[in-house]
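Undergrad: Mind looking over this structure? Questions follow.
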Amino acid sequence: MPLSVASAKGVATRQVAATRNVDFSGPGQAPWLVRVTTETLGRDASRTFEQWRIEVDRPRVLGGGVAYQSPGTDTLLDRVEKANGANLWFPNQEVQLLGVGRFLPGARRQLLVRVYQSGADCGSATIALLGLNGRGRSIGRLASVENACSLDVTIARSARGDELILTGPYYAANAALCCPTKPHAAARLLYRGGRWIERPQLFKLVLPAVQ
């Protein structure tokens, strides 16, 4: 049975879809609580429309409080809005917490997240790595990869640093969404020599303005 997050008036407004304790600071350090919630915005005859959220709470030893929110501090998730003149809300959303790895040098760990959002077409999928920023009191998106329609991922463990194996349809610049240039493509994402590298460059790599 899903848990609920109560509002200030004591009325349950959000359902907790998933939680995970992540050792962002490294093994043996205080865990950070990651929480995925959904809030029902409306319904039609066959569907329920929800706003999904990702939140990360700072450990008490670091002062507590919210260290990350999307939508909010990051735009990984869009804000769901009602369509004009219709009982519809867009985009449709789904979030998965996929796993934890050491993708960057050092003891810190990063969380792998998959977000899918869609409107009238096949939508888009984003694979994102969330981790500590700067001195380690806030969480941010360290890198993400986007693709139309679909994008899946697995973690390849490595002593030099874990890698991501990305799979999905590849679309050339002029390809229509109905007809991918290569229906089943694969690429690797890894961090080496102080930078993120995608081999081959098939999917859209998005990096923050400041690393």
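Bear in mind these aren't lab numbers, they're just calculated from the coordinates by the rules spelled out. Nothing here was measured: the structure is a model prediction, and the numbers come from that model. Cβ placement follows ideal geometry from the backbone for every residue including glycine, while neighbour counts extend to all protein chains displayed.
Undergrad: With the radius of gyration and the Kirkwood radius both derived from the Cα set of the range 13-130, what is their ratio Rg to Rh?
TA: We get a ratio of 1.03 for the range 13-130.
Undergrad: Show me, for the range 129-140, the HN-Hα J-couplings you get by feeding each phi into the Karplus relation (A = 6.51, B = -1.76, C = 1.60, θ = phi - 60°), rounded to Hz, glycine and proline as x.
TA: 10, 9, x, 5, 9, x, 7, x, 10, 9, 10, x
Undergrad: May I pose another question? Once the Cα atoms of the range 18-75 are picked out, what are the Rg and Dmax in Å?
TA: Every Cα atom of the range 18-75 included, Rg and Dmax give 14.8, 49 Å.
Undergrad: Translational diffusion coefficient, Stokes-Einstein: compute it for the range 3-206 using the Kirkwood radius over C-alpha pairs as Rh, at 25 °C and 0.890 mPa s, and state it as an integer in µm² s⁻¹.
TA: It diffuses with D of about 134 µm²/s by this estimate.
Undergrad: Right, here's the next one. Out of the trypsin sites (Lys or Arg not before Pro) in the range 117-207, which ones are loop residues according to DSSP with at most 10 other C-beta atoms within 10 Å?
TA: Arg135, Arg157, Arg160
Undergrad: Tally Lys and Arg at +1 and Asp and Glu at -1 over the other residues with C-beta under 12 Å from the C-beta of Phe49: what net charge comes out?
TA: -1
Undergrad: Moving on to the next point. Mind listing the phi-derived Karplus ³J(HN,Hα) values for the range 14-25, rounded to whole Hz, using 6.51, -1.76 and 1.60 with θ = phi - 60°, and x for any glycine or proline?
TA: 10, 9, 7, 8, 6, 9, 7, 8, 10, 8, 4, 7
Undergrad: Can you give me the Cα centroid spacing of the range 151-211 and the range 51-72 in angstrom?
TA: When both Cα centres are located, 27 Å separates them.
Undergrad: Starting from the Cα gyration tensor of the range 102-203, multiply each eigenvalue by 5, take the square root, and state the resulting semi-axes largest first in whole Å.
TA: 27, 16, 10
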